[in-house]
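Just below is one structure, and these are the notes that go with it.
Coordinate-derived values only; no laboratory data. Computed from a prediction, not measured in an experiment: that's the story for all the values here. With ideal geometry, Cβ positions are generated from the backbone for all residues, glycine too; neighbour counts draw on all protein chains shown.
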Amino acid sequence: MKRILVSGGGGFLGSHLCDRLLKEGNEVLCVDNFFTGNRKNIHHLLDNKNFELLRHDITHPLFVEVDEIYNLACPASPVHYQFDPVQTTKTSVIGAMNMLGLAKRLKIKVLQASTSEIYGDPEVHPQPESYKGSVNTLGPRACYDEGKRCAETLFFDYHRQHKVAIKVMRIFNTYGPRMHPNDGRVVSNFIVQALKGQDITMYGDGMQTRSFCYVDDNIEGMYRLMNSRDGFTGPVNIGNPGEFTMLDLAQQIIELTNSKSKMIFMPLPQDDPMQRKPVIDLAKKELDWEPTVNLREGLVKTISYFESVI
Ligand code: NAD
Ligand code: UDP
Ligand code: UDP
């Protein structure tokens, strides 16, 4: 039995990861300041004797004894990470440094939840891990994109300089149950709007694309990466290569919810990437991983979750 620290364990992905790690027979120390996380996400775990919750902000040092670290703490939706951009960069950079300092002292493995946002508004399509990205350092998304880029740099420098064992995962848009209904991400926005019969808020002309990965596939990839062969550091893309326009997405959600909602067109936010799709050859080769849930199946499960909570 391992004792595993999950930072951001009260969030969308973190809470699913806690479930998985407990199911595998581990002890979990969930560390979260509940900036965007929700206690409801982990409420069902509070009575589990192998689960412990610590309210803590990872921008401050943390001295605990654990065997492995998954570093997921960071607001992930544009609305949330732009709300307090300085804190977003601090969480990504100082938070990563504290988790790396902890891993260095304990001589343990640490996994970083990086993001496809480090590719920015990509000029290369689809995006392999070798693509270096196109990020506007000055725009409203930079606090997140550049924070996550700097975190990757810290991970590789702690690896080279201090021999810390690292695993870096570049996560593409992931959706599913326990997404925050008001966090502003497109899947949750469209589903909530469709279920409530409200207008569907399409930003721009809706021709921009994203590739959406269902949460269970993401967690499987994350778990396999942490347990991959020694010396394999990544970065590795984890996402579903199915690529959809936002118009496609809205149409599928309207149909699956039987909604009478109409689309309204609003301005495209600054620096909104026009296209995004992962190359997942590396994950296939190193982790024997590929997604198993297609968009339609994943949307059905996500819609039934939102029906029960809104
Ligand atoms: P989320 O907002 O639901 O979860 C993030 C969690 O981190 C929340 O519980 C929040 O309270 C916590 N947190 C934030 N700042 C903290 C701090 N300073 N100290 C302690 N806890 C803090 O987001 P998510 O979708 O679960 O994302 C989890 C991770 O995966 C993030 O690092 C995110 O950047 C990354 N990621 C997610 C996606 C996605 O599509 N969901 C895509 C790319 C990368
Ligand atoms: N750190 C931590 N927990 C630990 C060990 C280190 O939070 O168990 C923090 C430490 O306070 C520092 C950061 O991690 O701010 C980086 O640690 P490192 O040892 O690399 O740096 P140093 O302490 O030498 O500045
Ligand atoms: N989007 C939209 N309507 C919304 C929310 C988002 O059209 O109500 C668009 C957004 O402009 C972007 C895409 O959907 O092009 C994905 O947005 P999200 O915030 O989910 O993720 P990210 O931009 O970080 O990939």
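Structural remarks
- Taking Cα centre as origin and charging only the Cβ of basic (Lys, Arg, +1) and acidic (Asp, Glu, -1) residues, the dipole magnitude of region 36-152 rounds to 300 debye.
- Rg/Rh, computed from the Cα trace of region 194-251 with Rh as the Kirkwood radius, has the value 1.17.
- Packing order of peptides 229-239, 12-22, highest average first: 12-22, 229-239 (average count of other Cβ atoms within 10 Å over each peptide's residues).
- Magnitude of the charge dipole, the chain, Cβ model with Lys/Arg +1 and Asp/Glu -1, debye to 20: 580 debye
- Sorted by Cβ neighbour density within 10 Å, fewest at the top, the residues Met202, Met99, Met207, Met222: Met207, Met202, Met222, Met99
- On the principal axes of its alpha carbon atoms, region 174-310 extends 51, 33, 21 Å, with the longest extent given first.
- The chain shape via C-alpha gyration tensor axes, a/c threshold 1.5: prolate
- 3J(HN,Hα) from dihedral phi, region 139-145, Karplus parametrisation 6.51/-1.76/1.60, rounded to Hz, x for glycine, proline: x, x, 8, 5, 4, 7, 4
- Averaged over residues, the count of other Cβ atoms within 10 Å places the peptides 296-305, 244-253, 68-77 in the sequence 68-77, 244-253, 296-305, highest first.
- Percent RCO, i.e. relative contact order, over region 135-291, from Cα pairs under 8 Å lying at least 6 residues apart: 31 percent
- Sequence of Ser308, Ser114, Ser188, Ser92 once ranked by neighbouring C-beta atoms within 10 Å, starting from the fewest: Ser308, Ser188, Ser114, Ser92
- Residues of region 98-126 with amide N under 16 Å of the 7 Å Cα→Cβ point at Phe63: 98-99, 101-107
- Length-normalised contact order of region 146-229 in % [C-alpha pairs under 8 Å, at least 6 apart]: 31 percent
- Rounded if a/c under 1.5, otherwise prolate or oblate - region 235-310, Cα gyration tensor axes: oblate
- Over the chain, relative contact order from alpha-carbon pairs under 8 Å, at least 6 apart, %: 17 percent
- In the calculated pair-distance distribution of region 130-246, the portion above 20 angstrom amounts to 58 percent of the Cα-Cα pairs.
- Magnitude of the charge dipole for region 151-224, about its Cα centre and with charges confined to Cβ atoms of Lys, Arg (+1) and Asp, Glu (-1), is about 280 debye.
- Of all lysines in the structure, the ones whose alpha carbon falls short of 20 Å from that of Lys167, not counting any fewer than 8 places away in one chain, are Lys2, Lys104, Lys107, Lys109, Lys132, Lys148, Lys284, Lys285.
- The residues Cys143, Cys150, Cys30, when put in order of fewest to most other Cβ atoms within 10 Å, stand as Cys150, Cys143, Cys30.
- The residues packed around Ser259, meaning those with a beta-carbon under 11 Å from its beta-carbon, carry a net charge of +1 if Lys and Arg are +1 and Asp and Glu are -1.
- Straight-distance crosslink candidates among lysines, where the alpha carbon sits under 16 Å from Lys260 and sequence neighbours closer than 8 are dropped: Lys196
- Cα convex hull volume per residue for region 1-155 (Å³): 117 Å³
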